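Heads up: the structure comes next, in structure tokens.
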Amino acid sequence: MRRATFVTAALAGAGVLAGASTAYATLAPRMHELAPDETGVLACHVAWDGAARAPVLDHREGSGCAGFTGASVDGQGRINVTHTYDPVVAIIVTPDEAAAGRGLTAGASGGSARTMLTVTDARVGRRLYLHTEGDADRVGSGSGWWLVITNDAR
């Protein structure tokens, strides 16, 4: 199932590529010069290690993660993912089956080589502060998010 989810995430990223490139191109001073071959797409499964209470990049076969360099929790309780892409044009984050089953979603913020994920728990109706033990335990082992990042590769 993970391989199918990765393929779905990769296809979703490719689908947004044209729209994201077009949206970014309209803001860029050289809007007519941003071609699809001047963009790139990274995809990775960011899993939660419940024992360590920390995010990990899932490097298992089919999970992608080429171009992703690290994952950690910052002082504001968000997941910080570092990658080689800068500037970022579009970010898609989707919960995997375990996270969705637990009511966990994440919103992405970024624009440079660092993307922050703010995790929300629908069961308690608020965002989670993953640097606290109680909130980190709510995520549980096996949960994670698929992250697809599109960049301007000029």
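Scanning the range 121-133 for residues that are outside any loop (DSSP other than H, G, I, E, B) and either touching a Lys or Arg at 6+ places or on another chain (Cβ under 8 Å) or loosely packed, with under 14 Cβ neighbours inside 10 Å (or both) returns Asp121, Arg126, Glu133. Restricting attention to the range 96-140, the residues that are farther than 11 Å from Trp48 by Cβ, out of contact with any helix residue (DSSP H, G or I) (no Cβ under 7 Å at 6 or more places or on another chain) and not charged (D, E, K, R) total 21. Does Gly70 fit the bill of being closer than 30 Å to Pro36 by Cα and of a type in the set (Gly, Ala, Ser)? Taking the combined requirement at face value, the residue satisfies it. Taking the condition modelled with pLDDT of 95 or more and not in a strand (DSSP E or B), does Ala99 pass? Spelling it out, Ala99 is indeed modelled with pLDDT of 95 or more and not in a strand (DSSP E or B).
On the stretch given as the range 37-58, residues that are assigned to a loop (DSSP other than H, G, I, E, B) and exposed (fewer than 13 other Cβ atoms within 10 Å of the Cβ) total 2. Quick check on Ala136: is it at pLDDT 95 or above, small (Gly, Ala, Ser), surrounded by 14 or more Cβ atoms within 10 Å (Cβ to Cβ) and touching a Ser or Thr at 6+ places or on another chain (Cβ under 9 Å)? When the stated conditions are applied, Ala136 does not pass them.
Put simply, of Ala4, Ala25 the only residue that is more than 23 Å from Ala153 (Cα to Cα), modelled with pLDDT under 95 and either out of contact with any Ser or Thr (no Cβ under 8 Å at 6 or more places or on another chain) or surrounded by fewer than 20 Cβ atoms within 10 Å (Cβ to Cβ) (or both) is Ala4.
For the range 71-93, the criterion of being under 17 Å from Asp49 (Cα atoms), among the small types (Gly, Ala, Ser), modelled with pLDDT of 95 or more and outside any strand (DSSP E or B) is met by at least one residue. Restricting the range 102-120 to residues that are not in a loop (DSSP other than H, G, I, E, B) and not hydrophobic (A, V, I, L, M, F, W, C) leaves a set whose member that is surrounded by the most Cβ atoms within 10 Å (Cβ to Cβ) is Thr115.
Say whether the condition of being in contact (Cβ under 8 Å) with a residue 12 or more places away in the chain, under 16 Å from Phe68 (Cβ atoms), in contact with a strand residue (DSSP E or B) (Cβ under 9 Å, 6 or more places away or on another chain) and not acidic (Asp, Glu) is met by at least one residue in the range 117-138. Checking the range 117-138: at least one residue is in contact (Cβ under 8 Å) with a residue 12 or more places away in the chain, under 16 Å from Phe68 (Cβ atoms), in contact with a strand residue (DSSP E or B) (Cβ under 9 Å, 6 or more places away or on another chain) and not acidic (Asp, Glu). Every condition in (1) farther than 29 Å from Gly40 by Cβ; (2) at pLDDT below 95 is met by Tyr129 except one, and the failing one is (2).
The values are calculated or read from the model by the stated rules, or taken from the named source; none is laboratory data. From a predicted model like this one, the values you see are computed outputs, not experimental measurements. FYI the Cβ positions are ideal-geometry reconstructions off the backbone, even for glycines, and counts take in every protein chain you see.
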